[in-house]
Amino acid sequence: MRIALIGYGKMGKLLDQLAPSQGMEVAGRYDVGDALTAEQFRAVDVALDFTTPSAALENLPRLVALGLDLVVGTTGWQEQLKPLQTLVKRHNTGFVYGSNFSIGVNVFYRVAAEAARLLRDRAEYDPWIHEIHHKMKLDAPSGTALKLRDVLAAEYGGREINISSSRAGTISGTHTVGFDSEADTITLTHTARSRVGFALGALYAAKWIHGKKDFYEFSEVLFGK
Ligand SMILES: NC(=O)c1ccc[n+]([C@@H]2O[C@H](COP(=O)([O-])OP(=O)(O)OC[C@H]3O[C@@H](n4cnc5c(N)ncnc54)[C@H](OP(=O)(O)O)[C@@H]3O)[C@@H](O)[C@H]2O)c1
């Protein structure tokens with residue numbers, strides 16, 4: 001399988017390093033300022049995008065229009081999800097996006113949902129979310145924290161869910177979901193130890209989406225629609 005990397009930052013370089021171990025050849029590497037033309041992607045099966053929110057908003061419609069299957073890890077652009085979904089349907093391509101390509105985090109979403117379900121009728125427990133990442137991360141709250149909020153909200157309906165973010169040093173990403181009552185506190189924490197989990201998940205998604213049509217969130221790749 002031949003892949004192209006859109007964005008050659010920390011994630012792009014790691015994908016480049018790990019792709020051969022997953023049986024993939026990196027056929028193109030594109031960074032800021034590189035033109036993305038049909039010619040460059042003729043021999044590419046799937047493109048993986050790990051750039052910036054503004055770059056993704058500009059590049060993704062163009063890449064879909066070229067008929068490319070895509071895996072998108074960039075976060076912070078998802079207010080444009082609906083128009084992009086329409087575009088993917090129109091061009092009949094495959095598209096996987098995810099705020100977090102770690103398999104552990106996707107299990108964590110499910111565990112958090114189950115905790116929220118168990119506490120749904122326990123008004124004495126207030127939920128909250130905290131996330132901390134390295135100081136270079138552009139978006140806050142993280143896409144993962146926003147997804148956790150959606151996961152909890154789906155169980156809770158109208159209850160307010162407080163989210164806080166910190167940015168410091170080189171931390172790869174820690175997310176905590178908590179429930180606090182007068183009597184006690186429950187905390188669930190996921191700590192990413194490195195970026196390798198994200199990269200392997202994204203490469204797995206690339207293999208999975210190749211030749212498929214439609215629009216998927218990464219957890220649907222792992223657990224079904
Ligand atoms: N879903 C997940 O599992 C997951 C995991 C980790 C990270 N992420 C997300 O993935 C994105 C990238 O993360 P990262 O840590 O790799 O960041 P990074 O090291 O800053 O890399 C981003 C790269 O994209 C390049 N870029 C900027 N504009 C571009 C454009 N128009 N076309 C092509 N490339 C462009 C940047 O170039 P310059 O440096 O020259 O601007 C940089 O090399 C972020 O949104 C982050 O939140 C997602």
Taking the alpha-carbon set of the chain, what are its Rg and Dmax in Å? 18.2, 63
Nearest-20 debye value, segment 103-191 charge dipole, Cβ charges on Lys, Arg, Asp, Glu: 460
I want to verify the translational diffusion coefficient of segment 103-191 in µm²/s; compute it with Stokes-Einstein, Rh as the Kirkwood radius over Cα pairs, at 25 °C and 0.890 mPa s. 185
With the Cα gyration tensor of segment 9-140 in hand, convert its eigenvalues to equivalent ellipsoid semi-axes via √(5λ) and list them largest first in whole Å. 32, 18, 15
For 71, 46, ascending order of other Cβ atoms within 10 Å (fewest first) is 46, 71
What is the magnitude of the charge dipole of the chain about its Cα centre, with +1 placed on the Cβ of each Lys and Arg, -1 on the Cβ of each Asp and Glu, and no other charges, expressed in debye to the nearest 20? 600
Can you give me the distance in nm between label points at residue 214 and residue 62, each placed 7 Å from the Cα along the Cα-to-Cβ direction? 3.0
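Values in this text are rule-based calculations from the coordinates and carry no lab data. The model shown is predicted, which means the values in this text are computed figures rather than measured ones. Cβ: placed from backbone, ideal geometry, glycine included. Neighbour counts: every protein chain shown.
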